[in-house]
Amino acid sequence: MSQSSVPPRNLPEQIPEPRREPRRQWLPSLVWLIPIIAAVVGLTLVVKIILERGPVITISFISAEGLEAGKTKVKYKDVDIGQVQSIKLSPDRSHVVTTVQLTKEAESFTADDTRFWVVRPRVAASGISGLNTLLSGAYIGADAGKSEDTKRDFSGLEQPPIITRDTSGKQFVLHTADLGSLDIGSPVFYRRIQVGQVAAYDLDQDGRGVTLRIFVNAPYDKFVTINSRFWHASGFDMQINANGFKFQTQSLATVILGGIAFRPLDDADNVPIARENTSFRLADDESTAMKEPNGRSQLVLMYFNQSLRGLEPGAVIDFRGVELGEVKSVGIEYDDQTQQFIMPVLVELYPDRLGRKFNEERTSRYTPRERVRYLVAHGWRAQLRSGNLLTGQIYIALDFFPDAAKAQFDLDHNPPVFPTVPNSMDEIQTQIASIARKLDKVPFDKIGNELHTTLTTLDHTLRGAEKTMDRLSNDVAPEITAAMRDARKTLNAAEHTLSDDAPLQQDVRQTMQELSRAAASIRVLTDYLQQHPESLIRGKQEDK
């Protein structure tokens with residue numbers, strides 16, 4: 001570096017003094033306008049999203065099958081009302097918790113009774129559902145609640161509800177002994193037309209029955225009246241009893257899935273329509289459901305001293321074609337007095353079925369037990385009878401037997417004992433058994449031996465007779481033949497003598513004619529002597 005290029009030192013007089021200028025007003029550059037506008041737009045969108053965002057809720061499910069965070073939608077009537085934001089496992093690992101962001105319009109879905117479930121392909125009693133999710137994927141369905149209380153945590157349903165709250169119709173309660181082949185979604189029929197379905201069922205608290213809730217769609221719910229009867233229409237209704245063979249079915253759907261049918265007891269007009277949640281009894285079959293009201297029942301005990309094969313619980317108690325009750329149980333007991341086994345049968349009778357007139361005359365004065373005692377005093381008895389020869393089933397018939405021994409219907413005994421009589425078949429069997437016992441006393445072996453001896457003697461006798469006939473054929477037969485020839489000649493001669501043209505016949509005929517003329521002359525003489533008896537002395541006078 002040359003020395004001439006080095007600035008001189010210690011020359012302060014050469015540095016210019018700074019000048020003060022007035023401060024100018026700050027103006028933004030145009031470059032900042034774009035980020036500012038973008039920030040304002042973004043802030044506006046954020047505010048809009050925040051303002052339009054609905055509540056956040058959590059829904060618990062047993063499994064997260066088909067669900068995916070950020071993709072799975074929440075729909076109501078196929079309209080998006082939210083989206084699953086996250087899915088996580090519960091602390092106890094018993095279920096999964098999904099966080100759902102609802103839209104502003106879906107804020108009412110936070111009602112306390114709102115229901116959520118996962119819509120996926122399912123095969124149930126009500127049919128096949130969710131097939132559209134095979135392509136679009138599963139989603140969460142919703143049923144809006146009506147409660148004024150709200151909450152943020154929900155428990156999802158594992159099965160879609162059969163009835164949603166926007167469906168028109170009524171719910172009814174049915175009570176039955178067992179569920180049978182019914183399930184949620186099983187159809188409900190009215191005159192073989194499907195009008196509803198089973199919505200829910202649960203076991204009774206005492207464990208002795210099942211309570212079902214059915215839903216009947218509008219406008220068919222008006223056909224459910226206070227006198228409607230419900231019964232199981234599941235599968236084939238096949239009965240083989242004392243009345244014969246019966247076979248019924250509602251439709252092909254009930255054969256596979258089961259179902260319920262109902263019908264009013266009668267078609268009378270102006271029958272009040274049943275209110276919602278009215279309780280009904282679900283019968284096992286149509287015939288049981290359509291029976292007339294039984295009225296007050298009476299338990300009685302019947303003792304039979306014969307086989308009860310073919311008599312089962314549920315067998316009818318028949319009185320001249322009218323069912324008065326049914327058999328409740330069949331047992332066996334040992335009688336110390338007679339030292340024999342007897343067969344007790346517990347029976348439930350319904351005296352009100354005997355007729356309105358009979359009951360009206362005695363309702364005010366007699367109880368059902370006293371009415372039965374009145375009939376027993378007049379010869380009312382129970383008798384076993386065959387109901388079906390093909391199946392061997394029997395039933396108990398009630399009838400009047402005037403010649404039956406007198407019996408008492410003890411009202412103090414619980415249950416009272418109803419008198420019985422043996423049937424005609426039992427009497428015939430008893431007589432046959434008596435004859436068999438008498439036949440057992442007959443000494444057939446001794447008779448057989450004596451008969452054998454007699455037959456042997458007869459055989460010897462027949463052989464002797466055969467020998468005698470041989471001798472007669474050889475010795476006596478020729479003589480008999482000659483005698484027969486002589487007899488034939490004698491008969492021929494007699495025939496010749498007695499013929500019409502024989503001389504003897506002619507002589508006899510002439511002699512008879514002469515005898516006739518002589519008899520006529522004697523008759524004339526007798527008549528003359530009767531008129532002229534003096535002619536015997538004087539002789540016959542000349543005719544003047």
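The values are calculated or read from the model by the stated rules, or taken from the named source; none is laboratory data. Values in this document were obtained by computation on a predicted structure and should not be read as measured data. Backbone-built Cβ (ideal geometry, glycine too); neighbour counts: all protein chains shown. Areas reflect the complete protein model, heavy atoms only, side chains present, ligands, DNA and RNA absent. Shrake-Rupley method; radii C 1.70, N 1.55, O 1.52, S 1.80 Å.
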Is there a residue being touching a Pro at 6+ places or on another chain (Cβ under 8 Å), part of a loop (DSSP other than H, G, I, E, B) and basic (Lys, Arg) anywhere in segment 303-322? no
Return yes when Arg191 is exposed (fewer than 14 other Cβ atoms within 10 Å of the Cβ) and at pLDDT 85 or above and no when it is not. yes
Yes/no for Thr391 being over 21 Å from Phe319 (Cβ atoms), open to solvent by less than 80 Å² (accessible area, probe 1.4 Å) and not basic (Lys, Arg): yes
Go through segment 95-124 and report how many residues are open to solvent by 40 Å² or more (accessible area, probe 1.4 Å) and either more than 13 Å from Ala64 (Cα to Cα) or at pLDDT 90 or above (or both). 12
Of all the strands (runs of 3 or more DSSP E) wholly in segment 164-227, which have at least 2 residues that are closer than 24 Å to Thr114 by Cα? 169-176, 193-203, 210-217
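Across segment 165-176, which residue is farthest from Thr278 (Cα to Cα) among those that are without any contact (Cβ under 8 Å) to a residue 60 or more places away in the chain and open to solvent by 40 Å² or more (accessible area, probe 1.4 Å)?
Ranking the candidates gives Asp166 first.
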Looking at Glu65, Glu52, which is the one that is modelled with pLDDT under 90, closer than 24 Å to Ile163 by Cα and surrounded by 10 or more Cβ atoms within 10 Å (Cβ to Cβ)? Glu65
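Could you list, in sequence order, the residues of segment 84-119 that are of a type in the set (Lys, Arg) and within 11 Å of Pro55 (Cβ to Cβ)?
Residue satisfying the conditions is Lys104 alone.
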Would you mind listing the helices (runs of 4 or more DSSP H) fully within segment 418-512 where at least 3 residues are modelled with pLDDT under 75 and surrounded by 10 or more Cβ atoms within 10 Å (Cβ to Cβ)? 424-441, 477-497
Within segment 316-349, can you find the residues that are of a type in the set (Asp, Glu) and under 27 Å from the mean Cα position of the chain (by Cα)? Asp318, Glu323, Glu326, Glu348
Determine whether Gly145 is at pLDDT below 90, part of a loop (DSSP other than H, G, I, E, B), touching a Gly at 6+ places or on another chain (Cβ under 8 Å) and surrounded by 12 or more Cβ atoms within 10 Å (Cβ to Cβ). no
